[in-house]
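**Student:** I have a structure I would like to understand better, so I am pasting it below and will then ask my questions one at a time.
Taken together, the values in this text are just the output of simple stated rules run on the coordinates, not laboratory data. What you are looking at is a predicted structure, and each value in this text was computed from that prediction instead of being measured.
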Amino acid sequence: MEKTEAIIISRTRYSETTLIVQWCCPELGLFRTIAKGALRPKSPFAGTLDLFVSAEIRFARAKKGDLHTLAEARWTNPRLGLRESYGRVLAAAYLVKLIALVVEPHAPIRGIYELLAKALNYLNDHDPGRTFVERFELRLAEDLGLVGDGVSATGESARAIEESFHRRLPVQRRQLLEWISRHSPAPAN
């Protein structure tokens, strides 16, 4: 059995009672576990496998393939404040989709993990703004070695990510920026 702390970045129903959970952790990067019986009412996983939660987990590595078996999950940071605003959830979804776009599975990502945890902790208490989004993209691009010190946070890093990986940024970015523009306070006269 292996033990680590990780953030849940996605969940997919595998069967009527089983989930596949994707995690982000510093040592293992992005990896998936199967949570057998997680959707049963009396499951030990009931209520613990929620998006963007940090948890201490135990799992058994797969003998073949990359789908490990989840044995135990215990919250270390539930980030319940994320649920207070659609914008916070949308921002969190964009961050994890962006990371999934640029990170290879099972590759150590300590800096990126810490960046994600810090951003999710911020979103737990604050609605996102355009500066928050651009700053996250800049820090991610810096961690990936795509931009240098002279780059500002005004969209250059987002373009650098898109061009370097030859993939469009997740659609949640556009949706998030639209949400921000609708919910930003009006400028003072």
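**Student:** Just for the Cα atoms in the range 2-77, what are the lengths along the principal axes, largest first, rounded to whole Å?
**Tutor:** Result, largest extent first: 32, 31, 18 Å.
**Student:** Setting aside same-chain residues fewer than 8 positions from Lys3, which lysines have a Cα under 21 Å from its Cα?
**Tutor:** Lys36, Lys63, Lys64
**Student:** Sticking with this structure for a sec: What are the residues whose amide H is under 5 Å from the amide H of Tyr14, where those residues sit 5 or more places off or on another chain and H is modelled from the backbone?
**Tutor:** Those lying under 5 Å, H to H, from Tyr14 are Leu19, Ile20.
**Student:** While we're here: Could you tell me how far the Cα centroid of the range 48-66 sits from the Cα centroid of the range 102-150, in Å?
**Tutor:** Using only Cα atoms, the two centres lie 22 Å from each other.
**Student:** May I pose another question? Residue separation times 0.36 nm, minus the C-alpha to C-alpha distance between Arg13 and Arg61: what's the value?
**Tutor:** Values: separation 48, 0.36 × 48 = 17.28 nm, distance 2.01 nm.
Full-extension gain reported as 15.3 nm.
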